[in-house]
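The values are calculated or read from the model by the stated rules, or taken from the named source; none is laboratory data. As the structure is a prediction and not an experimental result, all values here were calculated from the model. Note: ideal-geometry Cβ built from the backbone for every residue, glycine included; neighbour counts use all protein chains shown. To get the accessible areas, we keep the full protein, side chains included, count just its heavy atoms, and leave off ligands, DNA and RNA. Shrake-Rupley method; radii C 1.70, N 1.55, O 1.52, S 1.80 Å.
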Amino acid sequence: MAIPKSEWIWHNGGFVKWDEAKVHISTHALHYGSSVFEGIRAYETKNGTAILGLTPHVQRLFDSCKIVRIDLPYSRDEISSAIVETVRRNGLTSCYIRPLAYKGAGTITLDWRGSPTELAIMAFSFGRLLGSEGVEQGVDVMVSSWRRMAPNTHAGMSKAGGNYVNSGFVTMEANDLGYMEGITLDINGHVSEGSGENVFVVYRGAIYTPPVGASILMGVNRGYIITLARELGYEVREETFPREMLYVADEIFFTGTAVEVTPVRSVDKIRIGGGSRGQVTRQIQEQFFGIINGGIPDRYGWMTPVK
Ligand SMILES: Cc1ncc(COP(=O)(O)O)c(C=O)c1O
């Protein structure tokens with residue numbers, strides 16, 4: 001899936017043309033993964049284009065930078081405004097937004113604090129990662145042979161570039177074996193998450209999702225879906241659970257910026273529930289998609305308008 005070019009990229013404080021946003025080969029992040037990033041979506045709503053979860057995404061960017069020890073020379077407000085302006089200036093209605101903070105050309109040593117921090121913000125058109133069909137009918141996934149990184153190895157709570165080598169292994173294995181996605185287990189063998197999304201299981205009327213201690217990235221959408229599910233009257237439990245609970249689940253769904261809310265219809269070729277989108281998933285999707293397309297009032301203030 002090649003990135004469709006848009007016109008402008010925000011780079012280190014101003015806008016440059018897409019083809020002119022470049023880095024030097026000695027850029028520290030290219031060598032050692034010393035970067036953090038965000039993935040955000042803007043949607044075309046009934047009231048114009050709006051960005052979903054701008055505030056928590058920018059907060060997570062700062063949290064990731066703090067963990068990875070990347071000093072950001074901008075305030076939250078400055079970065080939020082630059083994100084909005086990147087969408088607006090490119091004339092995009094719905095799009096994917098990629099803020100990327102990285103250590104630039106400076107040191108060759110592993111103390112990257114000696115390299116300058118650079119920040120880029122791209123925005124470009126982006127469809128559904130697992131397809132519209134997937135959102136309606138569900139996707140076939142496998143439990144990956146790769147584990148999610150153990151605590152005190154990588155910092156799984158940060159959205160650090162280097163962490164995505166692990167996600168890449170999971171994705172490539174799933175692609176090679178004919179699955180849409182892989183679900184990782186954590187170092188203790190409990191369910192962790194997908195390569196780029198959080199996982200929820202509906203089991204005997206309650207909804208389960210792995211806790212932060214299961215090496216997950218704390219998804220912005222994970223938080224939103226917990227809120228919506230509780231509002232619908234479901235008990236949501238953030239707790240560890242074993243692989244086999246996936247097989248006996250009544251429903252499973254993924255949440256994340258790229259996948260939005262996507263049902264899982266089989267795991268390791270074992271059919272989940274009725275083998276298609278379940279009732280709980282459908283109810284949650286109705287609420288989620290209603291809010292992001294403007295059909296249901298944005299009662300939590302999740303959408304930031306791009307004026
Ligand atoms: C590893 C990983 N887990 C979970 C998520 C879901 O997070 P969010 O809902 O903030 O997009 C992502 C996507 O950013 C991710 O890369």
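Here are a few things to note about the model shown:
- Using R0 = 30 Å, the C-beta based FRET efficiency linking residue 128 and residue 244 works out to 0.50.
- The Cα center of the range 231-254 and the Cα center of the range 104-126 differ in position by 38 Å.
- For the chain, the relative contact order comes to 20 percent (Cα pairs under 8 Å, sequence separation of at least 6).
- Secondary structure note: in the chain, about 85% of the DSSP beta bridges are antiparallel.
- For residue 92, neighbours were defined as the other residues whose beta-carbon sits under 15 Å from its Cβ, and their charges (Lys and Arg +1, Asp and Glu -1) total +3.
- Here's the list of lysines a cross-link from residue 307 could span, going by alpha-carbon distance under 25 Å and ignoring same-chain residues fewer than 8 apart: 5, 17, 46.
- Helix content alone sets the calculated 222 nm mean residue ellipticity of the chain: runs of n ≥ 4 DSSP H residues at -39500 (n - 2.57) each, divided across all residues, give -8500 deg cm²/dmol.
- Summed residue charge, Cβ within 13 Å of residue 178's Cβ, Lys/Arg positive, Asp/Glu negative: -4
- Heavy-atom accessible surface of the range 158-307, averaged per residue, reaches 39 Å², computed with a 1.4 Å probe.
- When you work out D = kT/(6 pi eta Rh) for the chain at 37 °C and 0.692 mPa s, using the Kirkwood radius from C-alpha pairs as Rh and the Stokes-Einstein form, the result is 164 µm²/s.
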